[in-house]
Ligand SMILES: *[C@@H]1O[C@H](CO)[C@@H](O)[C@H](O)[C@H]1NC(C)=O
Ligand SMILES: *[C@@H]1O[C@H](CO)[C@@H](O)[C@H](O)[C@H]1NC(C)=O
Ligand SMILES: *[C@@H]1O[C@H](CO)[C@@H](O)[C@H](O)[C@H]1NC(C)=O
Ligand SMILES: *[C@@H]1O[C@H](CO)[C@@H](O)[C@H](O)[C@H]1NC(C)=O
Ligand SMILES: *[C@@H]1O[C@H](CO)[C@@H](O)[C@H](O)[C@H]1NC(C)=O
């Protein structure tokens, strides 16, 4: 079953040939199931979802700097931004974040180019937009990852959209490599739909062809609310499904807000002994306090848009950040105590001479309707089915729509512990992963 040796070190060589980049900060690479700094120390995300303004929060350098002071106080080392304008100048903000050791995970799509669950398609217009964002942000050493989609699949019957997510990842990875860009990890941010677990997660990482799988997977999960525990929240099931996952996995949104105040006790589990060997950390939803009430800080009292141009939905989106109490302090005190050392890259290499790859989920009518042996959609392809008039709408995203609170989260958090998963339980055959390390910069894993 094992294919013959066919390694390529070309991407590694190209990685060393980049034009001068901005920001004196070590880059992050995905190796096997973990992220590493250049010095071989494992990188765990302590992240914040940061979307002050709908179009792009990374163009107002003074504002970035004011926010960075408070983010550093929290102990953050990552932000997630859902929407950027690839034609704007991001040097000021990106350099300021780099100086603070804060990395960016950025979504490549817009409302008009995002991959849709209903009548899914993947075309040149979408790819061009994704390319523009990558072109802009690849120049910054503190760009740590990009998302090809956020919550594209939001219902149990949404599996037909999964190949389109993967087609986007395939094409943006090919573009990244063709341009000779650094191997910035390409991933996906999933809605927490118990019925799709573990099929979606495994499908996106199971290809034996590295060009046709994600570099990382992440989950928007609001399962842990108030007084809860590893078992009661369902995190034990998340861990069960992710154990031995072959690529990095982390929480791309978390932080249930009912009941208030938020205690962020889940962070102890994520960064603790049960999960930190599998998970690479968490991004807290979100920085700014707005209607959905997930903010860690605010910029003053709600005001009318008529009096201030940087007000939207009644919330001021610029100024001096003031911590929301006690939530901000609660998160800060958790993160201050949570510093898993993880594994050192050189040791990880030796320990993981072989890792078992995940099995591709089998086609299962009514549960996971994707044949793992069919080729991925080509650029320009649209999914066709007789009765594709489903009324389900694609998920919203960004500062007001994503997040927590939506129907997705509340419905799935209750279902989590009782999820019916219909994936096949075919015996896993093991594939060997070989770690191939470059001389200096970075490293990557290849399936043999
Ligand atoms: C490696 O680099 C990171 C980021 O700069 C730093 O936090 C860590 O302490 C370094 N590890 C070692 C062993 O020097
Ligand atoms: C691709 O799809 C988008 C909608 O997602 C549409 O606006 C655009 O016109 C399509 N482009 C092509 C080339 O078909
Ligand atoms: C791997 O996938 C890429 C992108 O789809 C394709 O061009 C290449 O031929 C595939 N390689 C193998 C060995 O199948
Ligand atoms: C995955 O998690 C679900 C609950 O969401 C659980 O029912 C199932 O047994 C788990 N599957 C595996 C393979 O761990
Ligand atoms: C998928 O399920 C949703 C409800 O979760 C429903 O509204 C929609 O019609 C279904 N779509 C199809 C194609 O069955």
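Quick note: the coordinates plus some simple rules give every number you see, no bench work behind them. Just so we're clear, the structure is a prediction, and the values are computed from it rather than from any experiment. Virtual Cβ from ideal backbone geometry, glycine too; neighbours counted across all protein chains shown.
Kindly list the residues of the range 253-274 that lie in the label zone of residue 325, defined by a backbone N under 14 Å from the point 7 Å along the Cα-to-C-beta vector.
Inside the label zone: nothing.
Arrange the following residues from fewest to most other Cβ atoms within 10 Å of their Cβ: 184, 347.
Details: 184 24, 347 10.
Going from least to most buried by this count: 347, 184.
At a 10 angstrom cut-off on C-beta neighbours, averaged per residue, how do the peptides 133-141, 313-321 rank from highest to lowest? Numbers along the way, then the final one.
On the way: 133-141: 20.1, 313-321: 17.7.
Ranking, from highest mean packing down: 133-141, 313-321.
Subtract the Cα-Cα distance of residue 274 and residue 313 from 0.36 nm times their separation in residues, and report this length gain in nm to one decimal. Present the calculation step by step, with values, prior to reporting the outcome.
Details: separation 39, 0.36 × 39 = 14.04 nm, distance 4.03 nm.
That works out to 10.0 nm of additional length.
Can you compute the modelled spin-label distance between residue 72 and residue 123, with each label point 7 Å from Cα toward Cβ, in nm?
For residue 72 paired with residue 123, the spin-label model returns 4.7 nm.
Distance in nm between label sites at residue 302 and residue 62, each 7 Å beyond Cα in the beta-carbon direction?
2.7
Using only alpha carbon pairs under 8 Å that are at least six residues apart, calculate the relative contact order of the range 74-131 and give it in whole percent.
38
Counting only Cα atoms, I'd like the Rg/Rh figure for the range 93-226, Kirkwood definition for Rh.
On the way: Rg = 15.0 Å, Rh = 15.4 Å.
Expressed as Rg/Rh, it is 0.98.
Counting other beta carbons within 10 Å of each Cβ, put 253, 359, 290, 351 in order, fewest first. Provide the component values of the computation, followed by the final result.
Working: 253 27, 359 19, 290 22, 351 11.
So the ranking, lowest neighbour count to highest, is 351, 359, 290, 253.
Going 7 Å from the Cα of residue 356 along its beta-carbon direction, which residues of the range 233-253 have the amide nitrogen within less than 17 Å of the resulting point?
From the range 233-253, the list is 239-247.
Given a cut-off of under 8 Å on Cα pairs at least six residues apart, what relative contact order in percent is computed for the range 28-426?
After rounding, I find 23 percent.
Would you mind computing, in nm to one decimal, how far apart the modelled labels at residue 178 and residue 89 are, each placed 7 Å from Cα along Cα→Cβ?
Output for this residue pair reads 3.1 nm.
Rounded, prolate or oblate for the range 28-426? Axes are the square roots of the Cα gyration tensor eigenvalues, ordered a ≥ b ≥ c, and the cut-off for rounded is a/c under 1.5.
Rounded, because the longest to shortest axis ratio a/c is under 1.5.
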